[in-house]
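Undergrad: Encoded as structure tokens, here's the structure I'll be asking about.
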Amino acid sequence: MTSVPDSLLLAFFDSAAEAMENFPPSASEGESSRKSLLEHRTALLQVQINTLNEVVEHYNITNDPITMEDAQAALGTFTTHDAELQQAHEHMNECARLAFVRSVIMHEQKMMTGKSEYEDKSVDKGVVLEFIGLCAAALRLPQVMEYLKGKPLNFETTNDDTEPEEVKPEERLEELQKMILSAMGHDPTSSYQSLHDILQTPQGTTSSIVDDDLLETLTTFASAVRVALANATPFELLTDETDGGHTRVVSVQYSEKTINPDGSVSNSNAPSSMGMDQHDPSRAQLEMAKHAATMHQEILGELLGMDEDDRIDALAHAKEVHDGFMDEALGIPAGPERVLFLQSVGSERQRELIMHKLWEGMLAKNGGEAPVRRE
């Protein structure tokens, strides 16, 4: 086998990532039948093969020839210690995951406008894992996050000025999950009910398909969902001109303290005894939501009001706290011991974790640009 140079592999990773970001080209017209997930994967693979062929042909113009078989073999056994090459490889893979779920959702949007018939399929461990994988990838699509915030689910344009509707992110998430189940060939109503209890309370489920490995995956996914819903829920303090000067809280949920992927800690839904009506849990949750919203705004306002050097130092310290917290938490076996650790997190440490989460979320929303205080 002819040795394949790193420069060719890097060119392929970069070109394939760009092709994945534009996949699928647009919603296909005239389709009357639902594509299987295998058909979506096959179409995506063909784009990658075409891209590799173009890169190899371009390379061969000025270099000793490399065959497609050599290039494919090199990709099949790819390992590297080169940081740039590894980063490009990981970026391409992430683009491919997002392209796949984007293709699935775009096609399913069209298919679900008509009447569909589904085979009677059971929900086993493989189905749950595939469902979680698709949902987790979908939540990383910016169009999906805009959809959870109330905008139309639109992949055809990047400049959608449509005003968001007053919706609950949880309801939009349920619609998205049913769409994904439909794409998997499952009845979105009955299969969603089968999955609902497992997804909502993974530790408390009695389902026989939930083993230790699946429980860990479910717990991680549940945390990712909470983060997505929190990011989709407006918590900004409105001015007197817009809403009477009151804090507007939309659909904020709390659950048992659990580590989130970004290091934030979810609060308990048990009503606090500090000045709250113990007989009115909805009021207690509202007060907790208001407190959380106010804290988020205070932290963000504090960051935006700092000099750049001070802000850099504060964020560096917050990241250090976050990284240390993650290392410590993940070093504790899942179960009661980890729960006790999470419940023992002090207020100062929580504030640092929230600071890191908020800033990272703002950077993601602004395309990597730091947010600016509005006077």
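The values are calculated or read from the model by the stated rules, or taken from the named source; none is laboratory data. This one's a predicted model, so the numbers in the text were calculated from it and none came from an experiment. Note: ideal-geometry Cβ built from the backbone for every residue, glycine included; neighbour counts use all protein chains shown. Surface accessibility is based on the protein's heavy atoms, side chains included, excluding ligands, DNA and RNA. Shrake-Rupley method; radii C 1.70, N 1.55, O 1.52, S 1.80 Å.
Undergrad: If I ignore ligands, DNA and RNA and count only protein heavy atoms, how much of LEU229 is accessible to a 1.4 Å probe, in Å² to the nearest 10?
TA: 20
Undergrad: Per-residue HN-Hα couplings for region 65-74, Karplus 6.51 cos²θ - 1.76 cosθ + 1.60 at θ = phi - 60°, whole Hz, x for Gly and Pro?
TA: x, 10, 8, 4, 5, 5, 5, 5, 5, 5
Undergrad: Also, quick follow-up: Which order do peptides 70-82, 88-100, 35-47 fall in by mean Cβ count within 10 Å, highest first?
TA: My ranking of the peptides, most packed first, is 88-100, 35-47, 70-82.
Undergrad: Now for a separate question. Keeping all protein chains in place and using 1.4 angstrom, which order do PHE155, PHE13 fall into by accessible surface area, from largest down?
TA: On the way: PHE155 30, PHE13 0 Å².
From most exposed to least exposed: PHE155, PHE13.
Undergrad: Using θ = phi - 60° and the Karplus form 6.51 cos²θ - 1.76 cosθ + 1.60, what ³J(HN,Hα) does each residue of region 86-102 get, whole Hz, x for Gly and Pro?
TA: 5, 5, 5, 5, 5, 5, 4, 4, 5, 4, 5, 4, 5, 5, 5, 6, 5
Undergrad: Within the set LYS125/LYS319; LYS151/LYS319; LYS121/LYS149; LYS110/LYS178; LYS151/LYS178; LYS125/LYS151, which residue pairs have Cα atoms separated by over 24 Å?
TA: Exceeds cut-off: LYS125/LYS319; LYS151/LYS319; LYS121/LYS149; LYS125/LYS151.
Undergrad: Which order do peptides 318-325, 162-169, 307-314 fall in by mean Cβ count within 10 Å, highest first? Mind showing how you got there, number by number?
TA: On the way: 318-325: 17.2, 162-169: 13.4, 307-314: 11.5.
Ranked from most to least packed, the peptides come out as 318-325, 162-169, 307-314.
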